[in-house]
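Asks: Let me give you the structure first, and then I'll get to my questions.
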Amino acid sequence: MGGLAAPHFKSSNMFKPFETISRSSLLIMVALQVLFFLVLWQLSPGGLIPGPIQILDGLGQLLATRLLFDNLLASLVLTLKALVYSIVLTLLFSYLSVLPFFQPMAQFLVKCRYLTLTGLIFIFTLLTKDGGALKLSLLVFGIVPFFMTSFLSVIVRTPAQEFELCQTLGYSRWQTLYEVIIVGKADQVFEIVRQNFAIAWMMITMVEGLNMSEGGIGTLLIKYNKYNDLPHVLALQGVVFGLGLCFDYLLGLLRHWLFSYTNL
Amino acid sequence: MTAYTKNDVLLQAKDISLYYDDKCILRNIDFTVRDIVRPGLQQGQVVSLIGRSGIGKTQLFRVLSGLQKPSGGTITVRERKPVESGNGSIEVWRERPVRAGDMGVIFQNYYQFGWRTVRQSLLLAARKNPALAGKEEDAIREYAGRFDITDVLQRYPAQLSGGQQQRVSIIQQLLKGSNFLLLDEPFSGLDICVLDKVTELLLQVSLSDELKTLIIVSHDIATTVEISDTVFILGKESGKEGSTIIREIDLIERGLAWRHDLRQDKVFVDTLAEIKGCL
Ligand SMILES: Nc1ncnc2c1ncn2[C@@H]1O[C@H](COP(=O)(O)OP(=O)(O)O)[C@@H](O)[C@H]1O
C-alpha cells in the first residue's frame, strides 16, 4: 500500500487506476484544481457573467447586513421542520409497509415521486391555512416519496439471513420487525436522510418563492434575480451549496457517532 | 465395550422429500435419533450427515431446522411440556412437528446481527430461555469464560475472528436453551489448532446434558466421524433422482464413539474408506 503510506505528493500516482492517495495529497490536489478553475474563470471574458472576485464582493455585502443571516435562518428552520416531519412519516409508512394491508399505500407514496408539485400548488393552498403551512406541506410532500423509495429498498434488500437468525432464535414476527427493521436499519435511515437532504435543500428555494412573506434564501434569490443582480445571485448560490455540503458532512459524522458499528 | 442403551426417540424424520419446481432434491429421507444413555454420565448425542458437495446437505439442514418446509414428510421432535393437572403443573413428554426456533442453528458463516455487540446478541438469546430468567448475565459470563470470548463481549461481529464468531454463534444457541444444535459445516475453513478446539468444545457441549443432540452437516469425514456416535450418509441411488440416506453407520457398535485416539485405529481407517466409497 505504498500510495497510502507515502504522505508526500506524487503526481505519477494521480493517473494510476484504483490507486489510493493520501489525504494530504488529495487536499493539495483539490485545492490546486479549485484554484486553477477560479483563475480560469476570473480571466475568461464572461460578458454578463461575474467572476469570482465580483461574487466574493457580493457575498461580502450580503454578510455585512443581517439580511443574509435572517433569511438563511428562516430557510434552515423550515428545512429542518420539513425533515423531521418527513422522517417521521417515512418511518411510519415504511414500517407499516411490511404489513400486507399497508403495502398499496406505501407503493402509492413511492410512485408519488412522479407527481410534479407545480400542478398541485393550488390544491395545497386550498388545504392549508397559511403560507407557512403551505410551504411545509409542499416540502414534506416532495421529500417523503424519495425517502420512502430509498428506505423501502433497504427493507426489501434485507438479507434472508437476518430473518432466519430471528427465526432460529424463536422470535415472533413482531420481534423480528423490531430487531431487523427498526433497530437493524436505524443507521440506514440516517444515510438516507443524508443522501436525500439535497432534495429538501433544492426544493426549499422553490417553495419559498411561492410565499415571500416569511422570507428565506429562496425569496432573496428571486429578488436579486428580478434585478439581474448576478453577483448576489451567485453568491447566494454559493452559500446554499456550501451549507448543503456542511449538512452532508455533519449528518455523516452524526451517523458514525450514533452507530459506531458502521465504521467497522 | 462401553455400556449404553438407546432409549426414547428424540427426533424423527419421516419420509422427507423436497422439490424445487419439478426437480427432486431430497426423497424418502427416514431416520431417527434416540437418546443414548450411559450409566453415570450425561451423554448427549452427536449425529452427522455426510455427503459430497451439492448433494443436498444444506437443503436437509434447512428442513431439519424448520426454516424450509419440506414438500412431503414430517420432522417430529420430542419435548417436555408442562401441563396442568389436578394438583399443579407436571411435565409430560410429547411429540410435535419441528418449528423454526426449536433447533439451535449455527449457520456456516456464523451470521450475527451487525448492529449488536456480542454481549447484546447473547443477552437477546438468553432472554428467550425461561430456565435462565433473572440469571442471564451470569450465564453469559460463565459461557464466555468457558469458551474464551470474555475479551470480545463488547465488540461487534465485524471485529471478531472466524473462530470467535463460531463460538459466539454456538454460545448464543446454547443460551437459547434448545436441546438440538444443528451445525452447518462447523469444521470448514478452520486451521488445525482451532479445529481441535472446536471438536473439544462440541464434545463438551454433548456431555453437558443428557438430551443435548448435535446434528452436524459436513463433508469433512475424518473430523466428523471422530466426534460422532452415528453417521448418516446422504447420497444418490443409481437411476433415481434426488438424494436420500443411503447408509447409517453406528459408530458405537464399532467401538469408535467417545474416544480420543482414533486416528491410528484400523476400524476407524476402514470406516473412513467405507464412507468415502459411498460418496
Ligand atoms: N432455491 C433453489 N432452487 C432450486 N434448486 C436449488 C435451490 N437451492 C439448492 N438447490 C439445488 O439443490 C441441490 C443441493 O444443494 P445443497 O443442499 O446446497 O448441497 P450441499 O449443501 O450438499 O452442497 C443442488 O443441486 C442445488 O442446485
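The values are calculated or read from the model by the stated rules, or taken from the named source; none is laboratory data. Just so it is clear, the structure is predicted and the values come from calculations on it, not from any experiment. Because the Cβ atoms are built from the backbone with ideal geometry, glycine has one as well, and the counts that use them run over all protein chains shown. Just so you know, the surface numbers come from the protein's heavy atoms only, side chains and all, with ligands and any DNA or RNA stripped out. Shrake-Rupley method; radii C 1.70, N 1.55, O 1.52, S 1.80 Å.
Asks: Tell me the relative contact order for chain A as a rounded percent, counting alpha carbon contacts under 8 Å between residues six or more apart.
Replies: 22 percent
Asks: Roll a 1.4 angstrom probe over the protein heavy atoms and tell me the percent of accessible area of the protein assembly as shown that is carbon or sulfur.
Replies: C and S fraction of accessible area: 61 percent.
Asks: Now, a different point. Taking 8 Å as the Cα distance limit and 6 or more residues as the minimum spacing, I'd like the relative contact order of segment B:1-88 as a percentage.
Replies: Relative contact order of segment B:1-88: 35 percent.
Asks: Please state the charge dipole magnitude for chain B, taken about the Cα centre, from unit charges on C-beta atoms (+1 on K and R, -1 on D and E), reported in debye and rounded to the nearest 20.
Replies: Values: 36 positive and 36 negative charges, 121 e Å.
Around 580 debye, computed over chain B.
Asks: Something else: If ligands, DNA and RNA are left out, what is the accessible area of A:D229 with a 1.4 Å probe, given in Å² to the nearest 10?
Replies: Around 40 Å² of this residue is reachable by solvent.
Asks: Segment A:201-236: which chymotrypsin sites (Phe, Trp or Tyr not before Pro) are DSSP loop and have at most 15 other beta-carbon atoms within 10 angstrom?
Replies: Listed in order of number, the matching sites are A:Y227.
Asks: Within chain A, which is the longest segment that contains none of the trypsin sites (Lys or Arg not before Pro) sitting in a DSSP loop with at most 16 other Cβ atoms within 10 Å?
Replies: A:158-264
Asks: DSSP loop trypsin sites (Lys or Arg not before Pro) in segment B:175-243 with at most 11 other Cβ atoms within 10 Å of their Cβ, which ones?
Replies: Here the sparse-neighbourhood loop sites are B:K240.
Asks: Leaving out ligands, DNA and RNA, calculate the buried accessible area for the pair B and A with a 1.4 Å probe, summed over both sides, in Å² to the nearest 100.
Replies: 2000 Å²
Asks: Can you compute the modelled spin-label distance between A:N225 and A:I49, with each label point 7 Å from Cα toward Cβ, in nm?
Replies: 1.8 nm
Asks: Moving on to the next point. Does segment A:209-261 come out rounded, prolate or oblate by the C-alpha gyration tensor, with a ≥ b ≥ c the root eigenvalues, rounded set by a/c under 1.5 and, if not, prolate when a/b is larger than b/c and oblate if not?
Replies: Cα axes put segment A:209-261 in the oblate bin.
Asks: Per residue, how much accessible area does the protein assembly as shown show when a 1.4 Å probe rolls over the protein heavy atoms, in square angstrom? Kindly include the intermediate steps, with their values, before the conclusion.
Replies: Working: 28340 Å² over 543 residues.
On a per-residue basis, 52 Å².
Asks: While we're on this one: Quick one: grab the alpha carbon gyration tensor of chain B, order the square roots of its eigenvalues as a ≥ b ≥ c, and give me rounded if a/c is under 1.5, else prolate or oblate depending on whether a/b is larger than b/c.
Replies: Here chain B falls in the rounded category.
Asks: Take the Cα atoms of segment A:1-116, find their three principal axes, and give me the spread along each one in whole Å, biggest first.
Replies: 59, 50, 26
Asks: Next question. Can you flag which of A:K185/B:K135; B:K176/B:K212; B:K14/B:K276 are past 21 Å Cα-Cα?
Replies: A:K185/B:K135; B:K14/B:K276
Asks: OK, next. Kindly identify the protein assembly as shown as rounded, prolate or oblate by the Cα gyration tensor criterion: order the square roots of the eigenvalues as a ≥ b ≥ c, call it rounded if a/c is under 1.5, otherwise compare a/b with b/c, prolate if a/b is larger, else oblate.
Replies: prolate
Asks: Tell me, which longest segment in chain B has none of the GluC sites (Glu not before Pro) that fall in DSSP loops with at most 14 further Cβ atoms within 10 Å?
Replies: In short, B:1-236.
Asks: Right, next: Which whole-number percent is the relative contact order of chain B (Cα, under 8 Å, 6+ apart)?
Replies: 24 percent
Asks: Just for the protein assembly as shown, what percent of DSSP beta bridges are antiparallel, to the closest 5?
Replies: 60 percent
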